[in-house]
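*Asks:* Please find one structure pasted underneath; my questions will follow.
The values are calculated or read from the model by the stated rules, or taken from the named source; none is laboratory data. Model, not experiment: these values are computed from the prediction. Counting neighbours? That spans all protein chains shown, and the Cβs are built from the backbone with ideal geometry, glycine included.
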Amino acid sequence: MIVGGGVAGLSAACHLTNMGWRITLLEKRPFLGGRAYSFLDPIMGTEIDNGQHVFLGCCSEYINLIDTLGGLNDVYIQTSLRVPIVLRERNSYIYSVNWLPTPLNLLPSLITYKHLALSDKARIFTALSKIFFVNIKKNKTYLENMTFEKWLSENYQKTSSIMPFWDLIIKATLNSSCEKVSAYMGTRIFKEGFLHYKNGGNIGYSKIGLSNLISKNIHQILSTTGGEILTNAEVSGILTDNELVTGVSLRNTNKHSVHKIESDAVISAIPWDKINLIAPQSNSMETKKVFSTPALTHGSIITLHIWLNKPVMNSDFIAILGSELQWIFNKTKMHETASNGQQLTISISDAEKYMSWSKKTLRNFFIEELIKSFPSINETNIVRFLVIKHPQATFISKPGVENIRYPQKTSFKNLYFAGDWTNTDWPSTMESAVISGRLAAQQLNNLIMETK
Ligand SMILES: Cc1cc2nc3c(=O)[nH]c(=O)nc-3n(C[C@H](O)[C@H](O)[C@H](O)COP(=O)(O)OP(=O)(O)OC[C@H]3O[C@@H](n4cnc5c(N)ncnc54)[C@H](O)[C@@H]3O)c2cc1C
């Protein structure tokens, strides 16, 4: 049994089904996808994502999962890294020259990048070369205990390069800033994403709504071994008997006739701050330890969906420097929709300061920011403005976090955890969620094979 129909739960379900096991997946909401979901906007009649989700070429397990789910034709992946970056209406690009070996493939882009002084570019190239050569796994303890900002300053980076280069990537990938994340995760992002292999940083995105992408074939896949998915099925507790998990109880929602489901093993693929809610009714110290909440910190994201009555952007996405807008995605182009207008999705990471703002204040502030970046539009061009706040979008890879993430295996023999927050060596991303599901499935399969 798998509790939670986010990316981690679906990954575990696909892997276990592939190993021949019959899975029941329980999801409390009416739809699958977890924090990566989509819904129909009732006013515009278009499918929109809760928040823009991109993946990189290095997210190989996420790409494999999409392939398993039959969605590869519904995603776009760049063949070579190219990111347009705008500062005060001046366009520049970070790109890879694929015939050059890494890290030299990024050198032409650094040389021609307009938003940095020459001295900063030279320092950045030195720091990137250091990341390229350093064995970050061997130096994990040292790197995990300092902030990325400290590491950058120890490696001669000036504040003038933080905003236009280092924070640009860190905010987008770690939903935080160089001053808050660990040097381990900071260096790892640049190594895995941009320096390890050439296509690691290629940007990918879904051309259809996220829930559609993920749930297209999942029912059919699970049914090959007799498995099923129950939505609107909120697990209220994990049932145990003598240190073994025996199944789960469901909250009475009148949607399902059963209130208890027995199972040989359970994978809990729900967020870390919810695991204590499904703890078994037991006062044992061991149970308390397994179901206690690890001390991770949430990071927020704000997503703005804006419909315009005329197009303003040609490219599929841009990063904007010196503006609170951060990243703008042209959903009309990304979803290959024919329209005289344009639908934009603006993704604002590290957005704690906006969480208490009202919708009206957010609208006024961000429309003004948008008009500054696109002076050809004004208020009358805005057809619809929708804001989605995600106070608990990701966990933050602060220094020390890698030491407190839980393994998938618990001290209950037949209970495993999955979720982006478990120990995968990846930050809070869909790739981490997929890896966690695969690790939980493999360990559970091994256990059953050993006891047979
Ligand atoms: C706005 C936003 C933008 C993001 N952008 C990106 C991005 O660009 N790239 C990227 O890689 N990642 C991004 N992320 C992070 C990514 O969405 C998550 O890392 C990933 O989806 C986590 O998956 P998960 O399965 O571990 O957890 P979740 O998605 O949280 O899934 C947990 C599931 O468990 C269900 N559940 C909870 N309690 C119960 C219960 N008691 N019974 C039954 N079911 C239960 C929940 O309803 C949910 O469906 C973004 C996140 C947000 C919010």
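*Asks:* Got at least one residue in segment 29-43 being hydroxyl-bearing (S, T, Y) and over 19 Å from the mean Cα position of the chain (by Cα)?
*Replies:* Checked segment 29-43: no residue is hydroxyl-bearing (S, T, Y) and over 19 Å from the mean Cα position of the chain (by Cα).
*Asks:* Same structure, new question: Could we say that M44 is more than 6 Å from the ligand (Cβ to nearest atom) and either crowded, with 24+ Cβ neighbours inside 10 Å or within 28 Å of N252 (Cβ to Cβ) (or both) here?
*Replies:* No.
*Asks:* OK, next. Could you list, in sequence order, the residues of segment 425-434 that are more than 13 Å from C14 (Cβ to Cβ) and either part of a helix (DSSP H, G or I) or not assigned by TED's automatic domain parsing to the domain that holds S11 (or both)?
*Replies:* If the condition is that a residue be more than 13 Å from C14 (Cβ to Cβ) and either part of a helix (DSSP H, G or I) or not assigned by TED's automatic domain parsing to the domain that holds S11 (or both), then M430, E431, S432 are the ones that fit.
*Asks:* Please verify whether segment 250-266 includes one or more residues that are assigned to a helix (DSSP H, G or I) and either within 12 Å of the ligand (Cβ to nearest atom) or surrounded by fewer than 20 Cβ atoms within 10 Å (Cβ to Cβ) (or both).
*Replies:* no
*Asks:* Here is a follow-up. Which condition does E368 not pass, out of (1) part of a loop (DSSP other than H, G, I, E, B); (2) out of contact with any helix residue (DSSP H, G or I) (no Cβ under 8 Å at 6 or more places or on another chain), if it passes all the others?
*Replies:* Going through (1) part of a loop (DSSP other than H, G, I, E, B); (2) out of contact with any helix residue (DSSP H, G or I) (no Cβ under 8 Å at 6 or more places or on another chain) one by one, E368 breaks only (1).
*Asks:* Of the conditions (1) away from the ligand (no atom under 14 Å from the Cβ); (2) touching a residue at least 12 places away in the same chain (Cβ under 8 Å), M430 satisfies every one except a single condition; which number is it?
*Replies:* Of everything listed in (1) away from the ligand (no atom under 14 Å from the Cβ); (2) touching a residue at least 12 places away in the same chain (Cβ under 8 Å), M430 misses just condition (1).
*Asks:* Which members of segment 19-38 meet the condition of being more than 19 Å from I261 (Cβ to Cβ) and either free of Cβ contacts under 8 Å to residues at least 12 places away in the same chain or away from the ligand (no atom under 13 Å from the Cβ) (or both)?
*Replies:* Residues satisfying the conditions are M19, G20.
*Asks:* Hey, any hits in segment 360-375 for a residue that's within 12 Å of the ligand (Cβ to nearest atom), at pLDDT 95 or above and not assigned by TED's automatic domain parsing to the domain that holds E89?
*Replies:* no
*Asks:* Can you pull out the residues in segment 18-35 that are surrounded by fewer than 22 Cβ atoms within 10 Å (Cβ to Cβ) and either of a type outside the set (G, A, S) or in contact with an Asp or Glu (Cβ under 9 Å, 6 or more places away or on another chain) (or both)?
*Replies:* Selection gives N18, M19, W21, R22, T24, K28, R29, P30, F31, R35.
*Asks:* Just one of T394, T422 is within 10 Å of the ligand (Cβ to nearest atom) and in a strand (DSSP E or B); which is it?
*Replies:* Just a single option satisfies the conditions, and that option is T394.
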